[in-house]
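Presented below is the structure to which this report refers.
The values are calculated or read from the model by the stated rules, or taken from the named source; none is laboratory data. On a predicted model such as this, the values are computed, not experimentally measured, just so you know. Using ideal geometry, Cβ is built from the backbone for each residue, glycine included, and neighbour counts are taken over all protein chains shown.
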């Protein structure tokens, strides 16, 4: 197993403190998990969700890392892992009736993408 890991490097990229709620970002991440990079890009380009743009930029960054650092071809990669973790929450206050205030939570996300070359063994 160790020899196979050396032949196929895992290329990672991460984006931290993104201003999108993790629950919303996970909906997009679940759609592209396991897909080839080209197919994931097409899906994200036409997705109406706001997190799709951030995840598309992150996948492009990981593909650029693979091309530059490991001499891999971006079209031959697939999304091996994509993880959306919760970041710190920004707490804001909104005035309400009768002198009260309500807390508004502005959630952030940490997104990590791992790409691996596709196996052509069929």
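Which of the residues that make up region 66-77 are surrounded by fewer than 17 Cβ atoms within 10 Å (Cβ to Cβ) and in a helix (DSSP H, G or I)?
Scanning region 66-77 gives 67, 68, 69, 70, 75, 76.
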### Query
Any idea which residue in region 107-122 is farthest from residue 24 (Cα to Cα), counting only those that are surrounded by fewer than 12 Cβ atoms within 10 Å (Cβ to Cβ) and either under 26 Å from the mean Cα position of the chain (by Cα) or modelled with pLDDT of 95 or more (or both)?
120
### Query
Any idea which of (1) modelled with pLDDT of 95 or more; (2) surrounded by fewer than 16 Cβ atoms within 10 Å (Cβ to Cβ); (3) not in a helix (DSSP H, G or I) is the one residue 42 doesn't satisfy?
(3)
## Note on the structure
Across region 42-51, the tally of residues that are closer than 21 Å to residue 116 by Cα and either over 12 Å from the mean Cα position of the chain (by Cα) or touching a residue at least 60 places away in the same chain (Cβ under 8 Å) (or both) stands at 2
### Query
Which of the residues spanning region 15-51 are within 19 Å of residue 86 (Cβ to Cβ) and in contact with a helix residue (DSSP H, G or I) (Cβ under 7 Å, 6 or more places away or on another chain)?
15, 18, 20, 24, 25, 28, 29, 49, 51
### Task
Looking at (1) assigned to a helix (DSSP H, G or I); (2) farther than 20 Å from residue 106 by Cβ; (3) touching a residue at least 60 places away in the same chain (Cβ under 8 Å), find the lone condition where residue 61 falls short.
(3)
### Message
Kindly evaluate residue 12 against the criterion of being on the phi < 0 side of the Ramachandran plot, surrounded by fewer than 19 Cβ atoms within 10 Å (Cβ to Cβ) and touching a strand residue (DSSP E or B) at 6+ places or on another chain (Cβ under 7 Å).
### Response
yes
### Summary
The condition of being in contact with a strand residue (DSSP E or B) (Cβ under 7 Å, 6 or more places away or on another chain) and either surrounded by fewer than 17 Cβ atoms within 10 Å (Cβ to Cβ) or not in a loop (DSSP other than H, G, I, E, B) (or both) holds, among 80, 52, only for 80
